[in-house]
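Notes to accompany the following structure.
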């Protein structure tokens, strides 16, 4: 876990220290206590700014995940495929699915988690994606009012970007792997 993944513990400690030094200033009237208190508050603000400015690998993957989901809803094939590595086997399945299925605007991504393996060279994102979809195969259109899904995406850093190298579609309840285009 990166220190910038969650700035709140450091900020809380620094604000508590600031209160202690403000209290010491009130009791002893020594200006050094006031200087230290303001320094602690300044550092707490710095933690907040640092968290805003630094994007950790985990946060990059989560950001990519939401950008990818928006591209899928817009049926933007080039943008969607730009998140996939050239070596990903699922590229054609993704193209096929986007061209024949319309994910409605009610797409909700939840239960997002990111873990790393292989000394941080491969990341695995796990999430649930629930939405209404419309399927158009051979001119027959079927509306599915609500379709829960669960996914694991394997990501690998290629240059400065994280790219999807493998897609695992999981059963929403059991967690067992199901086919990419399965009706489950």
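Of all the numbered requirements in (1) more than 30 Å from residue 155 (Cβ to Cβ); (2) in the same structural domain as residue 127 (by TED's automatic domain parsing), residue 16 misses one, and that requirement is (2). Summed over segment 27-47, the residues that are in contact (Cβ under 8 Å) with a residue 40 or more places away in the chain and either loosely packed, with under 13 Cβ neighbours inside 10 Å or not assigned by TED's automatic domain parsing to the domain that holds residue 7 (or both) give a count of 0. The set of residues from segment 78-96 being under 21 Å from residue 179 (Cβ atoms) and either surrounded by fewer than 16 Cβ atoms within 10 Å (Cβ to Cβ) or out of contact with any strand residue (DSSP E or B) (no Cβ under 9 Å at 6 or more places or on another chain) (or both) comprises 80, 81, 87, 89, 92, 93, 95, 96. Residue count for segment 97-114 under the criterion of being within 15 Å of the chain's Cα centre (by Cα) and surrounded by fewer than 13 Cβ atoms within 10 Å (Cβ to Cβ): the result is 4.
Filter segment 51-78 down to the residues that are within 26 Å of residue 102 (Cα to Cα), assigned to a helix (DSSP H, G or I) and free of Cβ contacts under 8 Å to residues at least 12 places away in the same chain and list them by number. Correct list: 63, 70, 78.
Looking only at segment 115-144, which residues are under 22 Å from residue 174 (Cβ atoms) and surrounded by 15 or more Cβ atoms within 10 Å (Cβ to Cβ)? 124, 125, 126, 127, 128, 129, 130, 131, 133, listed by residue number. Figure legend. Inter-residue proximity from segment 84-99: first residues assigned to a loop (DSSP other than H, G, I, E, B), second residues surrounded by fewer than 16 Cβ atoms within 10 Å (Cβ to Cβ), beta-carbon distance below 7 Å, spacing 6+ or different chains. Indicated pairs: 85/158; 90/180. Within segment 152-167, not a single residue is more than 21 Å from residue 85 (Cα to Cα) and either surrounded by fewer than 15 Cβ atoms within 10 Å (Cβ to Cβ) or at pLDDT 90 or above (or both).
The values are calculated or read from the model by the stated rules, or taken from the named source; none is laboratory data. This is a predicted model, so every value here is computed, not measured. Reconstructed Cβ throughout: ideal geometry from the backbone, glycine too, with neighbour counts over all protein chains shown.
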